[in-house]
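One structure is given below, encoded as C-alpha cells.
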C-alpha cells in the first residue's frame, strides 16, 4: 500500500487499508479500474514467483457494484483471469451482500434447525434433555450471525417456534400441548424458567455490543468506515439516515430498543456527546 500500486479504501480513514487476510484467504479492496487491475495482477505475479503460491482460479472472484460499467468489468475480469462473482456470497459463515438480505436467504438456518429436530424427534427424550439440546445446540445456531447482522425478527420467531414445538412434542403422539408460556420458559432458572435463550433478547444484546463499539470509537476498521460515512451519529436523538446500510439501520433500531434501560452513571464532556 505504501507504494501506491493498489489504491486503498479511503485516505480519510484513520486505519486505511486495501486488503484483508484470514488464514490462506486474501481480500483486496480497491478501485474498479483497469489500471488497478493490472497492478493487482503484477503484485500477485511477483508474490507467486517469490513464494511459489498462486491464486486459485476456481475460488477467486471479483465483485463490483451492480451499477458499474459492464465493459470495464469485463476488462478487469480478463486482466486478472478471475470470474465475476455474485452477491450474496458466504464468507466465514456469514452472507455478504451490498443490500438487505431477503428472508429466503435465511431458509438454510431454519432448515438446519428443522433437520436436527427431525432427527431428535425419533428418540424418546425427557423435557430436561430437550431443554439442554435446545439451549446448547438449537439456540446457538443464529448466535454467531446475530453478532454481525440484525437477523429479521420473523426469522428468529420461526427458529423459536421450532424449538418450542420440539420441547412440547410427545414422542408417541407427535404434537404436544404447551403447558407453560414461552416467555416463562426463556426466563432464567432463578425466576422459575428453564434458562432457554430468548433470541430476540440475544439479538439486542449482541447488537448492543456493536453499538457501544461505534460510540466509543473502538479501534476497528468497520467502526472507522461507519464514522467516515455517517459521522458522529447520535443514536439517542436522531433517526436512521436515509438509504443507510442494513447493518447501520440495525444499530439505530437497537439503540431505540435498549434506550429505556440505559442511564448515565458518569460522563466526560470532552469525549461524549449528549
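The values are calculated or read from the model by the stated rules, or taken from the named source; none is laboratory data. All of these numbers come straight from a predicted model, not from anything done at the bench. Counting neighbours? That spans all protein chains shown, and the Cβs are built from the backbone with ideal geometry, glycine included.
Key figures
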item	result
Search result, residues across the range 184-213 that are loosely packed, with under 11 Cβ neighbours inside 10 Å and closer than 18 Å to residue 134 by Cα	188, 189, 192
Residue among 216, 181 that alone is in the same structural domain as residue 120 (by TED's automatic domain parsing) and either surrounded by 11 or more Cβ atoms within 10 Å (Cβ to Cβ) or at negative phi (or both)	181
Residues within the range 73-86 that are within 15 Å of residue 36 (Cβ to Cβ) and part of a loop (DSSP other than H, G, I, E, B), tallied	1
Helices (runs of 4 or more DSSP H) completely within the range 97-155 that count 1 or more residues being free of Cβ contacts under 8 Å to residues at least 12 places away in the same chain	107-120, 127-136
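Residue by residue, here is whether (1) part of a loop (DSSP other than H, G, I, E, B); (2) out of contact with any strand residue (DSSP E or B) (no Cβ under 6 Å at 6 or more places or on another chain); (3) without any contact (Cβ under 8 Å) to a residue 60 or more places away in the chain; (4) farther than 26 Å from residue 228 by Cα holds:
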| site | (1), (2), (3), (4) |
| --- | --- |
| 5 | yes, yes, yes, no |
| 8 | yes, yes, yes, no |
| 12 | yes, yes, no, no |
| 26 | no, yes, yes, no |
| 31 | yes, yes, yes, no |
| 36 | no, yes, yes, no |
| 53 | yes, yes, yes, yes |
| 67 | yes, yes, yes, no |
| 71 | no, yes, yes, yes |
